[in-house]
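Have a look at the structure below before the remarks.
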Amino acid sequence: MGQVIVRRLAQRGLKVVAVARSENSLASLVAEAPGTVACAADIATDSAIEAIAAHLDRPVRMVVHGPGVATAGGVRDAPTQAVIDAVNIKVGGMLRLVRSVDRRLARHSRLVAIGGHYGFEPTAYAATAGVANAALANLMRQLSWAYGERGITAHLIAPGPADTERLRRVAESRAALAGAGVDSIYAEMKRESAIGAFTSVEQIAWAVELLLAEEADAFAGSTLFMDAGRRRGLP
């Protein structure tokens, strides 16, 4: 997902600072996306703040935080440390990212986090994603108020399950709980959408780019649900 977002923003002509634990993991992306700079930093540690700040030389229009967290099973058996690590990466990581760019932010800058469906629709089989994304939603609302007076807006993008290898691991955890086959669970998960579809990474990248418009000020503090019609509750 991160690679697709970087390519889309680079195609728009933006300079992108792509962050990962090692530059080697970013080498191909930098080669494919002109204007992209590799930044080796571990967003799970406070050392990332200075490491990212050192790569900035101009105003920051947008930060995008979308790390994946370990799929550690359901709430009954997921290791407590896995849940703690997930919150650190999602919530702590977003805080570190914002603090690294704070002095470079200006009016209409965007703080964007990619959370997920399970933060709003609790299940018994996705403990790390559910807990961490719920906490992330609260953080983004707090950032909206903290930075709003500067004309800086915060946004949460909450996509439904995307058809990725990570989703397959979630399906495996769900299948284990249900005593069913993974393929049947995968098909059932697709049917949970009103249109019988998973969200694509391209659709998520489109939403990120959409928030660059000045008109997106109206989305301040909001959550953009991109779940292909999975949510049944109101609002």
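Based on DSSP H segments of at least four residues, each scored -39500 (n - 2.57), the chain has a per-residue ellipticity at 222 nm of -12000 deg cm²/dmol. Charge tally around V112: other residues with Cβ under 11 Å, Lys/Arg +1 each, Asp/Glu -1 each, net +1.
If you wrap the Cα atoms of the range 86-235 in a convex hull and average its projected area over all directions, you get 9.1 nm².
By average Cβ neighbour count within 10 Å, what is the ranking of 36-43, 8-15 from highest down?
Values: 36-43: 19.4, 8-15: 15.4.
Going by the mean number of other Cβ atoms within 10 Å, highest first, we get 36-43, 8-15.
Karplus-derived 3J(HN,Hα) values for the range 115-122, using 6.51 cos²θ - 1.76 cosθ + 1.60 with θ = phi - 60°, are x, x, 4, 6, x, 10, 10, x Hz; glycine and proline are entered as x.
When you restrict to C-alpha pairs under 8 Å that are six or more residues apart and normalise by the size of the range 21-100, the relative contact order lands at 34 percent.
For A126, the residues 5 or more places off, or on other chains, whose built amide H falls under 5 Å of its own are V75.
Within the chain, which DSSP H helices have Cα atoms that stretch 24 Å or more along the helix axis and a mean Kyte-Doolittle hydropathy of at least 0.0? Provide the component values of the computation, followed by the final result.
Working: long enough: 127-148 (31 Å, 0.48).
TM-like helix candidates: 127-148.
Accessible surface calculations at 1.4 Å, restricted to protein heavy atoms, place the range 1-140 at 48 Å² per residue. Residues whose amide H lies under 5 Å from that of M62, counting only those 5 or more places away or on a different chain, are R110; hydrogens are built 1.01 Å from N in the peptide plane.
Using C-alpha pairs below 8 Å separated by at least 6 residues, the relative contact order for the range 27-161 is 27 percent.
The values are calculated or read from the model by the stated rules, or taken from the named source; none is laboratory data. Every value quoted in this text rests on a predicted model; they were computed, and no experiment measured them. Every residue, glycine as well, gets a Cβ built from its backbone with ideal geometry; the counts of neighbours run over all protein chains shown. Heads up: the accessible areas ignore ligands, DNA and RNA and are worked out on the full protein's heavy atoms, side chains in. Shrake-Rupley method; radii C 1.70, N 1.55, O 1.52, S 1.80 Å.
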